[in-house]
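Heads up, the thing below is written out as structure tokens.
The values are calculated or read from the model by the stated rules, or taken from the named source; none is laboratory data. All figures in this text were calculated on a predicted structure; none of them were measured in a lab. A quick note on method: Cβ atoms are made from the backbone with ideal geometry, for glycine too, and the neighbour counts reach across all protein chains shown.
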Amino acid sequence: MRLKLPLISPIAAAVMLAAFPVQAEKLTVSQYGRIIATLPWAVALNKGMFKEAGLDIDDITAGSGGGTSLRNMLAGDLPFAEIATPAVIAGVRAGIALKIVMGSSNHIGELAWAALPSSGVTSIKDLVGKRVAFTNPKSTTEMVIRSALEREGLAGKVDSLPIGGLGPALTALAQGAVAAAPLTDPALTLQPEKYKVLFYAHEYYPKFTWAVGVTTPDFAAKHPQKLHALLRAHRKAVEFIYADREGAAQVYAQVWEVDLAQARALLPKYYDWVHWSRGDFSKEGLDAVVQGLNAVGELNGPFDWSKVIDQSFLDEDLRRPL
């Protein structure tokens with residue numbers, strides 16, 4: 001005998017769905033809450049811009065850089081991430097199907113390599129025979145330090161090694177495990193007496209498209225409206241940052257856990273650099289990435305950006321000839 005199951009009314013079904021809501025998605029943003037380039041995502045989350053765009057994003061996963069962030073994206077529910085451009089190129093060359101859909105920043109910002117004042121290391125040339133840190137393999141920090149050493153004629157004379165992130169790199173520096181480590185704000189500006197800056201990354205790369213928004217071709221094909229909404233939310237957040245400096249400082253103070261006065265002191269130079277991209281790319285910045293990767297042997301010749309960059313999800317006024 002077949003059992004008869006009771007019919008469920010539409011109202012009852014709605015109640016059941018409300019009791020078991022669809023799980024919200026997490027966004028992967030490399031070094032989120034650690035580097036100022038990620039401020040637009042903090043603004044979008046804190047100001048409800050994801051919700052306004054129809055997106056159910058309630059949290060952001062802070063990848064530690066390089067291939068780690070790429071793996072986080074591919075393993076997550078939302079196959080979109082902001083990660084280092086060299087890591088994307090490495091993934092593509094390894095056979096991973098990826099699509100770059102936005103530029104996140106075309107200026108490398110305040111990234112620097114620093115030593116302890118007591119170490120006696122005062123310039124990049126003092127690193128000969130010593131160990132220097134970067135975050136992760138294929139990350140922007142690896143490319144910059146190797147390129148800087150190459151340009152100074154120090155390739156093969158300094159031991160460069162991955163530490164696992166900016167925080168671990170500073171810990172290694174404090175413990176004497178490395179002679180120099182990558183350093184960014186807020187520590188660089190708020191505690192300048194603690195470190196001796198050896199060089200700034202932008203001294204070697206005035207324009208550098210070091211971070212991009214990336215997804216999979218499958219997600220782009222199946223969810224174009226969702227992807228476009230995500231890029232529009234990011235653009236809206238960037239425009240908020242440029243239009244409302246006080247509001248941006250408040251979000252920065254909250255997410256980075258610094259005083260509001262400190263946030264106000266940190267941000268001005270980033271406005272001067274036009275540090276946050278609305279999504280548009282810089283040809284000069286992309287060329288710098290290729291040049292740097294060639295200099296350290298990660299590429300051998302040009303890179304065809306047309307095979308991996310898709311600007312169709314950007315607003316038309318942000319699309320650039322590349």
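Residues that are of a type in the set (Val, Ile, Thr) and assigned by TED's automatic domain parsing to the domain that holds Phe50: list the strands (runs of 3 or more DSSP E) wholly contained in region 130-228 that include at least 3 such residues.
The qualifying strands (runs of 3 or more DSSP E) are 211-215.
Among the helices (runs of 4 or more DSSP H) contained in region 1-56, which hold 1 or more residues that are at pLDDT below 50 and outside the structural domain of Trp276 (by TED's automatic domain parsing)?
Output list reads 10-19.
Suppose we keep only residues that are without any contact (Cβ under 8 Å) to a residue 60 or more places away in the chain and surrounded by fewer than 18 Cβ atoms within 10 Å (Cβ to Cβ) within region 177-204. Which one would you say is nearest to His107 (Cα to Cα)?
Step by step, filter region 177-204, then rank; the result is Glu203.
If I ask for residues that are β-branched (Val, Ile, Thr) and surrounded by 23 or more Cβ atoms within 10 Å (Cβ to Cβ), which ones from region 122-157 would you list?
Result: Val132, Thr135, Thr140, Thr141, Val144, Ile145.
Which condition does Glu142 not pass, out of (1) under 16 Å from the mean Cα position of the chain (by Cα); (2) more than 26 Å from Ile309 (Cα to Cα), if it passes all the others?
Every condition holds for Glu142 apart from (2).
Yes or no, residue by residue, for (1) of a type outside the set (A, V, I, L, M); (2) more than 30 Å from Gly91 (Cβ to Cβ); (3) in contact with a helix residue (DSSP H, G or I) (Cβ under 8 Å, 6 or more places away or on another chain):
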site	(1), (2), (3)
Pro162	yes, no, yes
Leu170	no, no, yes
Thr215	yes, no, yes
Gln225	yes, no, no
Ala237	no, no, yes
Ala253	no, yes, yes
Val258	no, yes, yes
Lys269	yes, yes, no
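Spot the failing condition for Arg264; the list is (1) more than 20 Å from the chain's Cα centre (by Cα); (2) assigned to a loop (DSSP other than H, G, I, E, B), and only one is missed.
(2)
Within region 278-322, how many residues are polar (S, T, N, Q), under 25 Å from Ala233 (Cβ atoms) and either in contact with a Pro (Cβ under 9 Å, 6 or more places away or on another chain) or free of Cβ contacts under 8 Å to residues at least 40 places away in the same chain (or both)?
So the count comes out to 1.
Which residues, counting only those in region 301-322, are among the hydroxyl-bearing types (Ser, Thr, Tyr) and either surrounded by 10 or more Cβ atoms within 10 Å (Cβ to Cβ) or within 21 Å of the chain's Cα centre (by Cα) (or both)?
Once the filter is applied, which keeps residues that are among the hydroxyl-bearing types (Ser, Thr, Tyr) and either surrounded by 10 or more Cβ atoms within 10 Å (Cβ to Cβ) or within 21 Å of the chain's Cα centre (by Cα) (or both), region 301-322 yields only Ser312.
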